[in-house]
Every structure is written in C-alpha cells, then in structure tokens.
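K.L.:
Sharing a structure here in structure tokens format.
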Amino acid sequence: MKITQLKKHKDQEWTYLGEKQDLTNPLVLVFGNRFMLESPSICEEIKDLFPDGHLVFGSTSGDITGESVDDDSVTITAVEFEKSKFQIKTSNVLTSDLDSYKTGKELIEQFPLEGLKFVFVVSEGSLINGSELAKGMSSATTENLLITGGLCGDAARFEKTVASYNENPRTGEIVAIGFYGDTIEATFSIHGGWTPFGPERVVTKSESNVLYELDNQPALDLYKKYLGEKSKDLPAAALLYPLNVQSTDGEESIVRTILNINEEENAMILAGDIEENDKVQLMMTNIDNIANASERAAKQALELRKTKPELAILVSCIGRKLVLDQRVEEEVEEVIEVIGEDTAVCGFYSYGEIAPFHGYISCQLHNQTMAITLISE
C-alpha cells in the first residue's frame, strides 16, 4: 500500500503532507469544507493531480489528518493498493423518494459478493435517515460483511451536505467503496465516552426519527427543563446533551444526537430512528472522557489484527468536536499514540458514524462516537 496526502486551505494552493509519491490507479479520498467542495473546478483540479484516480468526495464538519483538524480546508488521501482491488458504487436518496432503507439495500446489492471483504461508506448527511440506511445495507448480505463509514457534515450549519464519485459533489449522493482480495485486512471499533444522567424515561410517542413524548409528557418541554438556561441556545446546545436510547429488543444502547427542534409540536428531531417503548436518558461528557474513549477505540481496533495497520480512517461526531473546541486535536493524538505515527491517518467529523457494535457484524448508525477503521493489505 502506497499513500500520499495533500491539503488545500481556502484561497491557497495544494501542498503535500509528507512525501509525494507517484501512484497508479489510486483510491482518492477527498474530505473537506462544503463550500470548497462546491467549487465548479474541484473535480477537475484533483483529476489533474491524479489522472487515473478514483475520486470519492465528502463534505465534513472538519477534516482529519495526523497533523491537524481543519475546518476551512480540503484534504486528499490517495491510496494505491498493491495486492488487492476495490470497486466503487453509488446511489442517491433523492432518486428513491427519500427511502433510506431501500437506498442502502440497493447500494450494497450492486457489489459482486465473491471476494468482498469490507465496505466503507461516505453518505450524504442532511436528507438521509441514517439508521434506516444502515439497516438497509445490513439486509443486503447474509455474509459476515464489515460495513463502516459515516454521514457527511456541514460544520455546525446543518444546511446541506455533498458527496460524489468522479464528479462534482452534489446533494443526496451516497458512495460505497468495496474492497476485495485475500490480503486486505480491516478492523474497527467505536467508543463514545458519554455518561447518562437523570431519570430514565419511556418513549410514549414517536414517529421515525421524531420524538414527541416521554412518559406521556411533551419531549421538548422535558428536555428544556433539564437544560435550564442552556435551553435558550437550542438547537445548537442539543449537540452537547445527546440522548442515550435503550431499545426494547436491543442488547446495546445507542446515543442519538438531537439535530433540530419543532416548537409547534413540542418535538425533537433526532439523527436516527427512535421507537415507542424505548428508554431514554440524557447524556453529558467532558474533554478527558472523549479523549479516553478515542484511545479505547484505537486499542480495540488493534486487538484482533494480524498485521500492522497502514491506513486509519477516523469518523468522529460534530458534537464531540464542539465539546473539545480548541483541544479538538487531542482525540486524534490519542489514536495516533496507540496505532503508531507510521500509520497514515485521514477522516472527518460527521453527522453520524456507521459501524457495528464492537463484537458484532451488523452495521448501525451511531452518534457522538469515535469510529475507527484500520486497513492494511
């Protein structure tokens, strides 16, 4: 595996991060600021750098490298696979009437299953129902297929996200990269570092990803009561106080970010589905807990590996970034300490992380986690 990285800040030229390498037929991951990715020349610019490259674009709430986390930049991570192969498939949720389950299922069904070891997904993040997307993707295969990835971001604006394959990024697009070959090895882990507090309440009215009532009381009223003075900063303040959701049939609890509020209906719009009879608690965290969770995720991702990772793709949540603020690079540094400085690092801050629970195979939508995927061949 040969890897080279470049970065471009707003109104500046592309610069190499480390050594420049000549690559053949590379996978080119392009993560960065949504406005910069909407430049009409962006695809052409990167095609000039990698004429035979396979370009995968995704807007972010911050792009990650081993050197920094940046908001007003675009990062390129180009990878030449020397022993294995990859295929790239796309779908668009707008063309399937916003049916996220169907979109995810049909996306994975495009891949020939023979020899398929692992799929990484870069999904649009503003129109998709992430939990339905994950369910659809998982339903498409009965094999033990690992699927990880994330929902694109748009800083803390939540206006729109863009993604694409070999064309200028656009809304609604979902890109999946399937990796093939006996030598490819991919491992993963996730950790959050958030702590539940306050009473546990039962969801008594919900529809899809909209939460209306807890314990037969208006959900938004209860949420504002616990936030106190901070409630005046909603919906932005909700990123700092997500919900811990324990489903009636699930063994694991899932963290759900509150993306928006509906004052008229006294409801909260979550990043993924929430079912009636689920149990809910408020959550909080601090900088040390977030950094420690990233370290634990890195250690778990290393545990079952046979070979040393060559590439680490980190997908972390916009809510974590807001908590970390000026110390945002600390959680990336914790990961690098564990995996080693000679492992290339890329990734992005997201509107949702896609990965199985540790020890499971079926992918899920997560919020407020650090999801680490380690790859080698």
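K.L.:
Under a Cβ-only charge scheme (Lys and Arg +1, Asp and Glu -1), can you give me the dipole magnitude of segment 136-229 about the Cα centre, in debye to the nearest 20? Could you put the intermediate results ahead of the total?
P.N.:
Numbers: 7 positive and 13 negative charges, 63 e Å.
It works out to roughly 300 debye.
K.L.:
Taking the Cα atoms only, what angle lies between the long axis of helix 100-109 and the longest principal axis of the chain, rounded to 10 degrees?
P.N.:
Around 30 degrees separate the two axes.
K.L.:
D325: net charge of surrounding residues, Cβ under 13 Å, Lys/Arg +1, Asp/Glu -1, itself excluded?
P.N.:
Once positives and negatives cancel, what remains is -1.
K.L.:
So how much slack lies between S208 and K306, counting 0.36 nm per residue of separation and subtracting their Cα-Cα distance, in nm?
P.N.:
31.2 nm is the gain from fully extending S208 to K306.
K.L.:
Hey, if you drop one equal point scatterer on each alpha-carbon of segment 317-377 and run the Debye formula without solvent, what base-10 log of I(q)/I(0) do you get at q = 0.15, 0.20, 0.25 Å⁻¹?
P.N.:
-0.53, -0.91, -1.19
K.L.:
Let me ask another. Along the Cα-to-C-beta direction of Q246, a point sits 7 Å from the Cα; which residues of segment 276-302 have their amide N less than 12 Å from that point?
P.N.:
Residues 278-282 qualify, since their backbone N sits under 12 Å from the label point.
K.L.:
Then there's this: Select from segment 17-86 those trypsin sites (Lys or Arg not before Pro) which occupy a DSSP coil region and have at most 11 other Cβ atoms within 10 Å, ordered by residue number. Working shown, then result.
P.N.:
Values: sites: K20, R34, K47, K83, K85; in loops: K20, K83.
Listed in order of number, the matching sites are K20, K83.
K.L.:
Can you tell me which of C43, C346, C152 moves the most in a GNM of the chain? Springs connect C-alpha atoms under 10 Å apart.
P.N.:
Fluctuation is largest for C43.
K.L.:
Now for a different question. Nearest 5 is fine: what % of DSSP beta bridges in segment 260-361 come out antiparallel, could you say? Before the final figure, lay out the partial values.
P.N.:
Numbers: 3 of 10 bridges.
Beta bridges within segment 260-361, antiparallel portion: roughly 30 percent.
K.L.:
When we measure straight from the Cα of K8, which aspartates and glutamates land under 15 angstrom away, once same-chain ones fewer than 8 places off are left out?
P.N.:
Hits, sequence-local ones excluded: E38, E44, E45, D48, D63, E67, D70, D71, D72.
K.L.:
How long are the semi-axes of the ellipsoid equivalent to segment 124-168, from square roots of 5 times the Cα gyration tensor eigenvalues, in whole Å, largest first? If you can, show how the numbers build up before the last one.
P.N.:
Numbers: eigenvalues 117, 35, 15 Å².
Value: 24, 13, 9 Å, ordered largest first.
K.L.:
Separate question: Zone of H358 (label point 7 Å along Cα→Cβ, backbone N under 16 Å): which residues in segment 295-312?
P.N.:
It comes to 295-305, nothing else.
K.L.:
Further question: Counting only heavy atoms of protein chains, what accessible area per residue, in Å², does segment 1-144 have with a probe of 1.4 Å?
P.N.:
44
K.L.:
Treating segment 267-377 as a set of equal point scatterers at the Cα positions, no solvent, please give the Debye-formula log₁₀ I(q)/I(0) at q = 0.10, 0.11, 0.18, 0.23 Å⁻¹.
P.N.:
Those come out to -0.32, -0.38, -0.95, -1.40, one per q.
K.L.:
Mind pulling the angle between the C-alpha long axis of helix 130-139 and the longest principal axis of the chain? Nearest 10 degrees, somewhere in 0 to 90.
P.N.:
60
K.L.:
If you don't mind, another one. Could you check the simple spin-label distance between K232 and K47, using points 7 Å along Cα→Cβ, in nm with one decimal?
P.N.:
Placing both labels 7 Å beyond Cα along the Cβ direction yields 5.2 nm.
K.L.:
Any chance you could check the Cα centroid distance between segment 302-326 and segment 25-45 for me, in angstrom?
P.N.:
22
K.L.:
Of all trypsin sites (Lys or Arg not before Pro) in segment 95-159, which ones are in loop regions per DSSP and have a Cβ with at most 15 other Cβ atoms within 10 Å?
P.N.:
R157
K.L.:
Among N292, N216, N244, determine the one that fluctuates most according to a GNM of the chain built with springs between C-alpha atoms less than 10 Å apart.
P.N.:
Per the Cα network of the chain with a 10 Å cutoff, N216 tops the list.
K.L.:
Give the residue from Q246, T285, F57 lying farthest towards the positive end of the charge dipole for the chain; charges sit on Cβ (+1 for Lys and Arg, -1 for Asp and Glu) and the dipole is referred to the Cα centre.
P.N.:
Sorting the options by dipole projection puts first Q246.
K.L.:
With the crude spin-label approximation of a point 7 Å out along Cα→Cβ, what separation in nm comes out for E159 versus E82?
P.N.:
4.4
K.L.:
Could you give the accessible area per residue of segment 228-345, probe 1.4 Å, as a whole number in Å²?
P.N.:
Computed with neighbouring chains in place, this is 47 Å² per residue.
K.L.:
log10 I(q)/I(0), Debye, Cα-only segment 1-115, no solvent, q = 0.09, 0.16 Å⁻¹?
P.N.:
For segment 1-115, the Cα-only Debye profile gives -0.29, -0.86.
K.L.:
Take the solvent-accessible surface of the protein heavy atoms, probe 1.4 Å, and return the percent of it on the chain that carbon and sulfur atoms account for.
P.N.:
44
K.L.:
Just grab the label-to-label distance for K299 and Q12, each label 7 Å out from Cα along the Cβ direction, in nm (one decimal).
P.N.:
Distance between label points: 3.6 nm.
K.L.:
Right, another one. Taking chymotrypsin sites (Phe, Trp or Tyr not before Pro) as candidate sites, keep only those in a DSSP loop with at most 14 other Cβ atoms within 10 Å, then name the longest stretch of the chain containing none of them. Write down the numbers at each step before the final one.
P.N.:
Working: sites that count: W14, Y360.
Free of exposed loop sites, the longest segment is 15-359.
K.L.:
OK, next. Taking the chain as a Gaussian network, where each spring joins two C-alpha atoms under 10 Å apart, which residue of G104, G53, G149 fluctuates the most?
P.N.:
G53
K.L.:
Let me ask something else. Return the loop-located GluC sites (Glu not before Pro) in segment 229-292 (DSSP other than H, G, I, E, B) with at most 10 other Cβ atoms within 10 Å of their own Cβ; answer none if there are none.
P.N.:
Values: sites: E229, E251, E252, E263, E264, E265, E275, E276; in loops: E251, E252, E263, E264, E265, E275, E276.
Listed in order of number, the matching sites are E251, E263, E264.
K.L.:
From the P(r) of the chain, can you give the percent of Cα pairs sitting at distances over 36 Å?
P.N.:
17
K.L.:
Also, I was wondering about something else. Where the centroid of each part is defined by its Cα atoms, how far is segment 175-240 from segment 86-137 in Å?
P.N.:
First find each Cα centre; the distance between them is then 22 Å.
The values are calculated or read from the model by the stated rules, or taken from the named source; none is laboratory data. Source: prediction; values computed, not measured. Positions of Cβ are generated from backbone atoms using ideal geometry, with glycine treated the same way; all protein chains shown enter the neighbour counts. With ligands, DNA and RNA removed, areas are computed over all heavy atoms of the protein, side chains included. Shrake-Rupley method; radii C 1.70, N 1.55, O 1.52, S 1.80 Å.
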